[in-house]
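Data first, discussion second: the structure below is written as structure tokens.
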Amino acid sequence: MNKISLKTSAKLNLFLKINGKTQNNYHDMTMINQSVDLYDFITVTKGKNGINILDNTSIEQETNIIYKTAKLINDEIRKIDVDIKLSKNIPMQAGLGGGSGDAAGIITALDIVYDLNLSDDKKIDIAKRAGADVPFCLFGGSKCVRGIGEVIDDVLCDEFSYIIIKPRENMPTKDAFALFDKLEKSEVKADFIDEILSKKKKIDIDFVQKYFYNDFEKIMEQKFDIISQIKKDFYENDADFAMMSGSGTTVYSIYTDDNLRKRAYEKLKNKYDKIFLSSTTKQGVEIL
């Protein structure tokens, strides 16, 4: 095969707890992640002159997670010459895992185009070195993610409907972790994890409202007033739940009544530039 096109989904963190640091100075985390139907689109074509990325971003190629991931495969599996076209729709520096999803898409695409026959373990090995969210994004769906992103378990979760808002304010992930390390220590417990893993408890809206939390949220609310304002706007427009995703600055809401969700969207779309209606999806990467 000489060419493949695919789409990669955004992710929302329904729960995010920072447990501390590992001996290697990585952050040990417990998360409940959900793929949603907000997509980037990627086309990979065999080329003749190394790894080339064409995209609608201003990211330098050498610092691009797509380039980093392709180079891992080039250096460790086999030499590749590819042209990669990326159409970026998932906002950047948003806590939505857009770059991680793109990296997962590249692993999937190169495995198929070059007939590498990579095992899941090998894909995960490449993915976790590309970025902490990349292993989850390879598979997507509803998952409990632990450790430094490499321990992944299926969870049962209702198919929620969302409104997603990305404000103009940005926060690079590494800067958010640096702020957390200086200011915060998580006091949130994750005892409920046993319920959803061992006892196969299904996550519904009551469970979300009772247990779910994001360790980054309080820090980002202190830094950016807009985080609290978006949550306030959601709750004033009948949201069942609202929270920041990842290290921010995106805030999402869950609605169990779709009429209320659509009404809220119509009210808020004139206030916020980047606002999306979105729903649960079961895959992180889909071949087109």
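Could the peptides 156-168, 118-130 be put in order, highest first, of the mean number of other beta-carbon atoms found within 10 Å of their residues? Before the final figure, lay out each step's value.
Working: 156-168: 19.6, 118-130: 17.2.
Peptide ranking by packing, descending: 156-168, 118-130.
Report, as a whole number in µm² per second, the diffusion coefficient that Stokes-Einstein gives for the stretch 60-109 at 4 °C and 1.567 mPa s using the Kirkwood radius over alpha carbon pairs.
Numbers: Rh = 11.6 Å.
Once the numbers are plugged in, D ends up at 112 µm²/s.
Based only on Cα atoms, what Rg/Rh ratio does the stretch 166-282 have, Rh being taken as Kirkwood's radius? Kindly include the intermediate steps, with their values, before the conclusion.
Details: Rg = 15.5 Å, Rh = 15.7 Å.
My calculation of the ratio gives 0.98.
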Rounded D (µm²/s) - the stretch 159-224, Kirkwood Rh over Cα pairs, Stokes-Einstein at 4 °C, 1.567 mPa s: 89
Just tell me, in residue order, which DSSP H segments of the chain are both 27 angstrom or longer along the helix axis (alpha-carbon based) and at least 1.6 in mean Kyte-Doolittle hydropathy. none
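For the stretch 2-134, compute the orientation-averaged projected area of the C-alpha convex hull (one quarter of its surface), in nm².
Working: hull surface 33.8 nm².
Its average projected convex-hull area is 8.4 nm².
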Using 7 Å Cα-to-Cβ label points, what is the SER5/ASP158 separation (nm, one decimal)? 3.7
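Can you show me the helix-derived [θ] at 222 nm for the chain, built from DSSP H runs with n ≥ 4 at -39,500 (n - 2.57) apiece and divided by the number of residues, rounded to the nearest 500.
Details: 10 runs with 98 residues, N = 288.
For the chain, the value works out to -10000 deg cm²/dmol.
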Environment charge of ALA109, counting only residues whose C-beta is closer than 13 Å and scoring Lys/Arg +1, Asp/Glu -1: -1
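Please compute the length gained on full extension between LYS262 and ILE77, using 0.36 nm multiplied by the number of residues separating them and subtracting their Cα-Cα distance.
On the way: separation 185, 0.36 × 185 = 66.60 nm, distance 4.74 nm.
Going from the current span to full extension adds 61.9 nm.
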Of the trypsin sites (Lys or Arg not before Pro) in the stretch 200-288, those whose Cβ has at most 11 other Cβ within 10 Å and which sit in DSSP loop: LYS200, LYS271
Expressed as a whole-number percentage, the relative contact order of the chain with C-alpha contacts under 8 angstrom and at least six residues apart is 26
Residues listed by number, the stretch 171-198, amide nitrogen under 19 Å from THR63 label point at 7 Å toward C-beta: 171-179
Which one of ASN52, THR173, LEU116 is farthest out on the positive end of the charge dipole of the chain, using unit charges on Cβ (Lys, Arg +1; Asp, Glu -1) and the Cα centre as origin? ASN52
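In square nanometres, what is the average projected area of the Cα convex hull of the chain? List each step's numbers first, then the result.
Numbers: hull surface 59.8 nm².
Reported value for the Cα convex hull: 15.0 nm².
Every number in this text was worked out from the coordinates using simple rules, so none of it is lab data. Computed from a prediction, not measured in an experiment: that's the story for all the values here. Positions of Cβ are backbone-derived with ideal geometry, glycine not excepted, and every protein chain shown enters the neighbour counts.
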